[in-house]
1. If you take every DSSP beta bridge whose two residues both sit in the chain, what share of them, in percent to the nearest 5, is antiparallel?
2. Build a GNM of the chain with springs between Cα atoms under 10 Å: which of L229, L101, L22 gets the top mean-square fluctuation?
3. Which helices, counted as full DSSP H runs in the chain, have an axial Cα extent of no less than 15 Å and a Kyte-Doolittle average of -1.0 or above?
4. What number comes out for accessible area per residue over the stretch 33-165 if the probe is 1.4 Å? Units Å², please.
5. Assign one of three labels to the stretch 10-161, namely rounded, prolate or oblate, based on the Cα gyration tensor with a ≥ b ≥ c the square roots of its eigenvalues; rounded applies when a/c is under 1.5, prolate when it is not and a/b is larger than b/c, and oblate otherwise.
6. Students sometimes get this wrong: rank H107, H49 by accessible area, probe 1.4 Å, all chains present, largest first.
7. I need the shape label for the stretch 108-167. Rule: rounded when a/c is under 1.5, else prolate if a/b > b/c, else oblate, with a, b, c from the alpha carbon gyration tensor.
8. Please give the contour-minus-distance gain from A242 to A154: 0.36 nm per residue of separation, less the Cα-Cα distance, rounded to one decimal in nm.
Amino acid sequence: MTEPLEALLARAPRLAPGHVWLAGAGPGDVGLLTLACLSGLRQAEVIVHDALVAPAILDLAQPETVLVFAGKRGGRPSVEQADISAELVRLARAGRRVLRLKGGDPHIFGRGGEEVLALAEQGIPFRVIPGITSGLAALTVALMPATLRGVNQALVLATGHDAPEISRDGLVAGALDWASVARLGQPVVLYMAVTHIVAIADQLMAAGLAPDTPAAAIGSATTPAQRILVCSLATLGETLAAAGLATPAIVVIGAIVATRARLLALLPQLEQEAMPWQLPG
């Protein structure tokens, strides 16, 4: 690394023994990692990391750092959240310098709030380092501005992970009132929604959202495996199924999606220039 970068890292806060830092590793591209997170990677004795943290980011840790996998993936065997929180407490009480590394931002559907509450209840000192959340990063690399004057005045971030299948009455029961979301008339960015996307789309249309509302899915955003699918709300489910889109994926529904086509019509080369860049290995 260059001297200026080393000087910046030298001025960073110290990760003390018995302390835990919860850091967001961003959406996957190493170039989108924050300096604060890099500082944590360089100082940690133990890194407890999620499944979506890119290997290239873990490679930035010291060679002697212990890596502990604590990934949670929908529909797959995962470590229980209570066990993850207990492990963070155990490591801190053992006097280790602990980095809890999460994809995206720790507090945007990353269960960071649960973990800091668990640490605080046990008297464990902690620090939270923000990261670029995958929902906003995915929009940017897909050439869909999150907000656009004259198009939207708000942006809804929601999770589709907990939405159950369609009930007997044809509606999606669950904690989130999709009809109320539809009535807002603002773009919706969905995390962890691929499994239940048909049920969610049906509920949004039942509440009055037009079937031809622009929609898109961005898979593995900011990584070399990135895929962008653009369709309508009505065809969202069949488009994702036909493409075999793998998770992780971000789904966006709303007028901001149409900006992508406008930009590419003006400058077709943007398709490649917006792709993620990787630091040399």
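The values are calculated or read from the model by the stated rules, or taken from the named source; none is laboratory data. Treat the numbers as computed from the prediction; the structure is a model and nothing was measured. Note that we place each Cβ from the backbone using ideal geometry, even for glycine, and neighbour counts take in every protein chain shown. Note: accessible area is taken over every heavy atom of the protein model, side chains too, but ligands, DNA and RNA are not part of it. Shrake-Rupley method; radii C 1.70, N 1.55, O 1.52, S 1.80 Å.
1. 45 percent
2. Highest fluctuation among the options: L229.
3. Passing helices, by number: 81-93.
4. 48 Å²
5. Taking the square roots of the gyration eigenvalues as a ≥ b ≥ c, the stretch 10-161 is prolate.
6. Largest accessible area first, the list is H107, H49.
7. Note, shape of the stretch 108-167 comes out oblate.
8. Extending this stretch completely gives an extra 28.6 nm.
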